[in-house]
């Protein structure tokens, strides 16, 4: 294996993640081992010390009742009874003479003591066990020592150490293997995200990251990324559509403008002819500028740039004001306008954009319905929000074309002879989408009913 390959492996997350798991496990196991070791040792030491203390005080009570001779007899019986037992005894007279016991004489010590007895020959060459003892000076000045072999404590400590190393070794192996498996699984999912991102960078905006359905943090991240990708694709599709629409639908007005200017250059002979041609060209240019301005507004709305200015406002008050504004205009155009607005309905959004939405719908109804057609503007409370309706009694829109009228520059055949750019309803759709409102086109029998409703 080359050094470069080795360095690549060492730097990879698939190596570092299991290594991190292993290190964390070793640290945790170390803390656990120290805790268990010292807790068990302290518990056993406390137990042994309690046994020795109890034994010493029992013998002290024998001394109180029977004196030194009675105590010596009792110790002798216990030594003979426990010739192979773990308890050791020493009774010394006040002059440090050994009265009885299976331990060599030693200086008196009060309380707990750890020591190695210094046995005389022939035992001197044997291995001397480490003892734990409890010393007590009796009222007559004699010294009593009760001791126990602490080898059991040492054996237990060694057993804990061996168990720790065996179990930690096995657990460490399992941790490394488990970490590698988990790391590989995690990295596969990351690799999937990377490949999808690379495909998107190469131009495939339809690529999406698969969701495993585990509902974990990565699934949540993937869902957010997919939603973002869908939004980006929507914006890019919209951009392509706008570009196509501009190229297709603005060709005609630009051609008319050019034709008017050519006619002026070739046929105009007087100042008034040039002035008329200039005014016609300016009018055509103003129409083009208005169309571009409308496209820009639609793009800004669809991009959500105006959400920062959202605030709660009284929708009922806004529609009432619009109804009062449009009522005389509609009356002059021989279109009676009925306004029915429920009070105290609020909406969080852009008040100016909602006003433009309703104005576009009303003006669309005014321009594309014959004189004498009755119009209506209504706002009703619903569960969970409200329903806004603009309706007319005109010819309506064929069901086959209702899905197209919100497209940019789309115009019904009967409307091509009237002024307009075909962007009014596209703006309505963009504003409704920005405010999370759904749009329905319904047959009013006769006429058309446009219904905007809060999403459920």
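Condition check ((1) modelled with pLDDT of 85 or more; (2) surrounded by 11 or more Cβ atoms within 10 Å (Cβ to Cβ)) across all residues:
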| site | (1), (2) |
| --- | --- |
| 3 | no, no |
| 10 | no, no |
| 49 | yes, yes |
| 72 | yes, yes |
| 76 | yes, yes |
| 95 | yes, no |
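Which one of these does residue 41 not meet: (1) surrounded by 15 or more Cβ atoms within 10 Å (Cβ to Cβ); (2) more than 25 Å from residue 160 (Cβ to Cβ)?
Status for residue 41: all satisfied but (2).
If you go through segment 253-267 one residue at a time, how many are under 60 Å from the mean Cα position of the chain (by Cα) and at pLDDT 75 or above? Break it down into steps so the answer makes sense when it comes.
Keep residues of segment 253-267 that are under 60 Å from the mean Cα position of the chain (by Cα), which gives 253-258.
Still in the running and at pLDDT 75 or above: 254-255, 257-258.
Total meeting the criteria: 4.
The values are calculated or read from the model by the stated rules, or taken from the named source; none is laboratory data. All values derive from a computational prediction rather than experimental measurement. As a convention, Cβ positions derive from the backbone with ideal geometry for all residues, glycine included, and neighbour counts pool all protein chains shown.
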